[in-house]
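To start, the structure under review is shown below, and the notes come after it.
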Amino acid sequence: MATPDHLFNLRNNFYLGAYQAAINSSDVSNLSEDDALERDTLVHRCYIALGQLQFVISEIHDDAPTPLQAVKLLALYFSSPDTKDSAISSLKEWLADPAIGNNATLRLVAGLVFLHENDFNEALKHTNAGGTMELHALNVQIFIKMHRSDYAERQLRTMQQIDEDHTLTQLANAWLDLAVGGSKIQEAYLIFQDMSERYQSTSLLLNGKAVCCMHMGNFDEAETLLVEALNKDARDPETLANLVVCCLHLGKPSNKSFSQLKLSHADHVLVKRVTSAEESFDRALQTFSS
C-alpha cells in the first residue's frame, strides 16, 4: 500500500504558480525529516516567487541544510545587482564541493540561475543528469530556449515514462507544443484549459492560454485572459509583457503595462529589447542631425 503524499497540494500549487495557496497548505503535521525539509524549501521558494526576497534571506540561517542554503542563494541572486556576482561565485564553489555538489536542490538552483544568465551550457552541466521531475522540466525549458525541441522532446518522453499525469509533465508538454507551433498550439491550449478546470485558474495557466490564443490570432480572447491574470497578480512580469504584445496587435495603448514592467522588472527581456531599440533609434537620429 502506497504511503500518502502529504506534500502533494503544496507541491502542486507551487508548480501551477499558486504561491500563496501553496504557503497556506504548508501546515502539515507528522512529516518525516526529509518531507519537512522539502516543505520548508518549497515554502521559501514560494516567498521568492512572491518577491519577498529579504524575508527568505533573513529566515534561512548559515547552519541550515544544503537545500535551504541553495534557496537562500537564489534569493540573494535576485535581490540586487550588488549580491548577484557573489551569489554566483558561492554557487560555483558549492557545486564544486564533492560533499554537496550533487544535491538536487542545489543543481536546480544552478540551472535556474544560469538559465536566467542565458548560459545554457553551464545550466545543463548541472541539470542534464536529471534525478527529479523538476530537473527534467527545467531541462525541457532550457532546450526550448536553445531552440532544440528535439532534445526537449526526449526529456518530455523521460517524464512521461516516470509519470504521464504529473503536473510538471503536463506543463512541459504544453511548453513544447507552444515551441513547436502549428497544430500543436491547440493541444497546448487544451492542456492549460484542462489544468485550469482540474485545479485552479492561476496566472501561469491564464498566460499559457493567452499565448496560445495570440499564436492562433485570437487577440481579443488573449486580452480577456491576461486582464484576468492581472487581477490575480498585478505585478507578474509575464502577464505585463504578454499584455504589451497583445495590445500592440489590437492597436490599443500599451504604455501603462510597459511602464509597470519597466519599473518592477527592469531586466525583463522585453524591456531590454525595447530599450536597445530606443538607443539604436536615438543613435541613428544623432547621425542624421550631426
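The condition of being within 21 Å of TYR19 (Cα to Cα), open to solvent by less than 40 Å² (accessible area, probe 1.4 Å) and of a type outside the set (A, V, I, L, M) holds for only one of SER79, SER58, that being SER79.
Conditions tested, residue by residue: (1) open to solvent by less than 50 Å² (accessible area, probe 1.4 Å); (2) at pLDDT 95 or above; (3) not in a loop (DSSP other than H, G, I, E, B).
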{"position": "GLN20", "(1), (2), (3)": "no, no, yes"}
{"position": "LEU31", "(1), (2), (3)": "yes, no, no"}
{"position": "ASP34", "(1), (2), (3)": "no, no, yes"}
{"position": "ASP40", "(1), (2), (3)": "no, yes, yes"}
{"position": "ILE48", "(1), (2), (3)": "yes, yes, yes"}
{"position": "ASP62", "(1), (2), (3)": "no, no, no"}
{"position": "LEU68", "(1), (2), (3)": "yes, yes, yes"}
{"position": "VAL71", "(1), (2), (3)": "yes, yes, yes"}
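Screening the candidates THR132, THR169 for the property of being closer than 21 Å to ASP34 by Cβ and within 19 Å of the chain's Cα centre (by Cα) yields one hit, THR132. The residues in the stretch 189-233 that are touching a helix residue (DSSP H, G or I) at 6+ places or on another chain (Cβ under 8 Å), open to solvent by 40 Å² or more (accessible area, probe 1.4 Å) and not in a helix (DSSP H, G or I) can be counted, and the count is 4. Contact map, the stretch 92-104: residues that are among the small types (Gly, Ala, Ser) paired with residues that are open to solvent by 60 Å² or more (accessible area, probe 1.4 Å), Cβ distance under 6 Å, separation 6+ or inter-chain. Pairs shown: ALA104/GLY131. LYS84 is checked against (1) at pLDDT 95 or above; (2) open to solvent by 30 Å² or more (accessible area, probe 1.4 Å); (3) among the basic types (Lys, Arg) and fails just one. What number does that condition carry? Result: LYS84 fails condition (1) only. Looking at ASN9, ASN13, which one is open to solvent by 40 Å² or more (accessible area, probe 1.4 Å), under 25 Å from GLU197 (Cα atoms) and part of a helix (DSSP H, G or I)? Within the list ASN9, ASN13, the selection yields ASN9.
Within the stretch 127-180, the set of residues being outside any helix (DSSP H, G or I) and either open to solvent by less than 10 Å² (accessible area, probe 1.4 Å) or not small (Gly, Ala, Ser) (or both) comprises ASN128, GLY130, THR132, MET146, HIS147, ARG148, GLU164, ASP165, HIS166. Figure legend. Inter-residue proximity from the stretch 72-87: first residues closer than 14 Å to VAL56 by Cα, second residues open to solvent by 30 Å² or more (accessible area, probe 1.4 Å) and of a type in the set (Gly, Ala, Ser), beta-carbon distance below 7 Å, spacing 6+ or different chains. Indicated pairs: LEU73/SER90.
Looking at the structure I just gave you, is ASP233 acidic (Asp, Glu) and at pLDDT below 75?
Spelling it out, it is not the case that ASP233 is acidic (Asp, Glu) and at pLDDT below 75.
Scanning the stretch 238-258 for residues that are open to solvent by less than 70 Å² (accessible area, probe 1.4 Å) and in contact with a Ser or Thr (Cβ under 7 Å, 6 or more places away or on another chain) yields a total of 5.
Pairing residues of the stretch 49-70 that are in contact (Cβ under 8 Å) with a residue 12 or more places away in the chain with residues that are part of a loop (DSSP other than H, G, I, E, B) and open to solvent by less than 20 Å² (accessible area, probe 1.4 Å), at Cβ distances under 6 Å and at least 6 apart in sequence or on separate chains, gives LEU68/ILE60. If you filter the stretch 172-219 down to residues that are farther than 21 Å from GLN155 by Cβ and among the basic types (Lys, Arg), you find that the one that is nearest to the chain's Cα centre (by Cα) is LYS209.
The values are calculated or read from the model by the stated rules, or taken from the named source; none is laboratory data. A quick note: this is a predicted structure, and the numbers were derived from the prediction, not measured. For neighbour counting, all protein chains shown are included, and Cβ atoms are generated from backbone atoms with ideal geometry for every residue, glycine included. What goes into the accessible areas is simple: the full protein's heavy atoms, side chains included, and nothing from ligands, DNA or RNA. Shrake-Rupley method; radii C 1.70, N 1.55, O 1.52, S 1.80 Å.
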